[in-house]
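The values are calculated or read from the model by the stated rules, or taken from the named source; none is laboratory data. Note that this is a predicted model, so its numbers are computed, not measured. In this analysis, Cβ positions are derived from the backbone assuming ideal geometry, glycine residues included, and neighbour counts consider all displayed protein chains.
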């Protein structure tokens, strides 16, 4: 069949035909994504929409049904000539994915099934720099355990765990090589989690902004836009870059480290050890420093970040002059970035 002679993207670069198992997995994923994005439809319509032939689609649908990832239901009454087919619908309630986000002030978890329905979501205020890697990973393992407990009654089996880290990550072995805002250097996050969590599925560790860019590319309002830049900013300021549908890492994984462009106050020391980085004047720390004294509750890492930001917003709405001046200051510092050089400084370890 034509589909069985396709080349996958990486294999074609090596001029080596993709093996049939790889093509099969790719086509299974294609059908699942199409049902997710386009909704229920007949086998014939899936074949028409994806370009796969009908025999291949029937085989793929049968396998996906055996795996309980799809279901067949109502008869397709669209008025086409010939015997009516059954509508194929995405099921996916039996599998789930787990996402964990580490940040300076919190750890968050989200468990989704294949439909995108939320099975469990929780966020814990946490002073990650103070706790250090070992105790932080203990907390991550505890949250993953709670997520698994929530998914179990629904019969959802985890098929992957992804951890977002605010810093440079060597994704090949899951090591956080340099995360200055949480004080981590060469922390084996992947190995640490494998030792703490009993999961029979892949575990991946990646930079938080890179994952945000991938999520925007996959599920955002302009999904599948081939070229995009996603900017993120809390304590650290960073970005993820998608070029031709592929994540751009750059030399040493620094492609999105826009927070370290020299656009800040040269008297302010960044968490990376340099002076004058952009994130020193536009990040969360800059806003809180300008808006409140050090003993103000908005600086309390033990409080949820959303609660603290809500307090800042409430003060602004009430016309508090210091808060308004702080927001103006950060907004003004954001302005020069689009006109700046695209070359970022490399953080020193």
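Before we move on, is residue 156 buried (at least 20 other Cβ atoms within 10 Å of the Cβ), outside the structural domain of residue 285 (by TED's automatic domain parsing), at pLDDT 90 or above and over 29 Å from residue 270 (Cα atoms)? Break it down stepwise before answering.
Details: buried (at least 20 other Cβ atoms within 10 Å of the Cβ): yes; outside the structural domain of residue 285 (by TED's automatic domain parsing): yes; at pLDDT 90 or above: yes; over 29 Å from residue 270 (Cα atoms): yes.
Taking the combined requirement at face value, the residue satisfies it.
Go through the range 295-315 and report how many residues are surrounded by 15 or more Cβ atoms within 10 Å (Cβ to Cβ) and either part of a helix (DSSP H, G or I) or modelled with pLDDT of 90 or more (or both).
Of the residues in that region, 8 qualify.
Could you tell me whether the range 280-294 includes any residue that is over 23 Å from residue 334 (Cβ atoms), modelled with pLDDT of 90 or more and assigned by TED's automatic domain parsing to the domain that holds residue 333? If you could, list the steps in order and put the result at the bottom.
At the first step, the residues of the range 280-294 found to be over 23 Å from residue 334 (Cβ atoms) are 293-294.
Then keep just the ones that are modelled with pLDDT of 90 or more; that gives 293-294.
Subset that is assigned by TED's automatic domain parsing to the domain that holds residue 333: 293-294.
So far as the range 280-294 goes, yes, one or more of its residues are over 23 Å from residue 334 (Cβ atoms), modelled with pLDDT of 90 or more and assigned by TED's automatic domain parsing to the domain that holds residue 333.
If you check 101, 139, which single one turns out to be modelled with pLDDT of 90 or more, under 24 Å from residue 301 (Cα atoms), in contact with a helix residue (DSSP H, G or I) (Cβ under 9 Å, 6 or more places away or on another chain) and assigned to a helix (DSSP H, G or I)? Explain how you work it out, then say what you get.
Values: 101 fails: assigned to a helix (DSSP H, G or I).
Residue meeting the stated conditions: 139.
Here is a yes/no grid of residues against (1) within 21 Å of residue 95 (Cβ to Cβ); (2) surrounded by fewer than 18 Cβ atoms within 10 Å (Cβ to Cβ); (3) modelled with pLDDT of 90 or more; (4) more than 31 Å from the chain's Cα centre (by Cα):
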position	(1), (2), (3), (4)
15	no, yes, no, yes
19	no, yes, no, no
23	no, no, yes, no
33	yes, yes, no, no
39	yes, yes, no, no
48	no, yes, yes, yes
52	no, no, yes, no
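Among the residues of the range 178-228, write down those that are farther than 26 Å from residue 158 by Cα, assigned to a strand (DSSP E or B) and free of Cβ contacts under 8 Å to residues at least 24 places away in the same chain.
Hits for the range 178-228 are 179, 186, 228.
When the range 111-131 is examined, which residues are found to be in contact (Cβ under 8 Å) with a residue 24 or more places away in the chain and crowded, with 16+ Cβ neighbours inside 10 Å?
The answer is 111, 113, 114, 119, 120, 123, 125, 126, 128, 129.
Consider residue 270 against the criteria (1) under 20 Å from residue 104 (Cα atoms); (2) in contact (Cβ under 8 Å) with a residue 24 or more places away in the chain; (3) in contact with a strand residue (DSSP E or B) (Cβ under 6 Å, 6 or more places away or on another chain): it satisfies all of them except one. Which criterion is unmet?
Unmet condition: (3).
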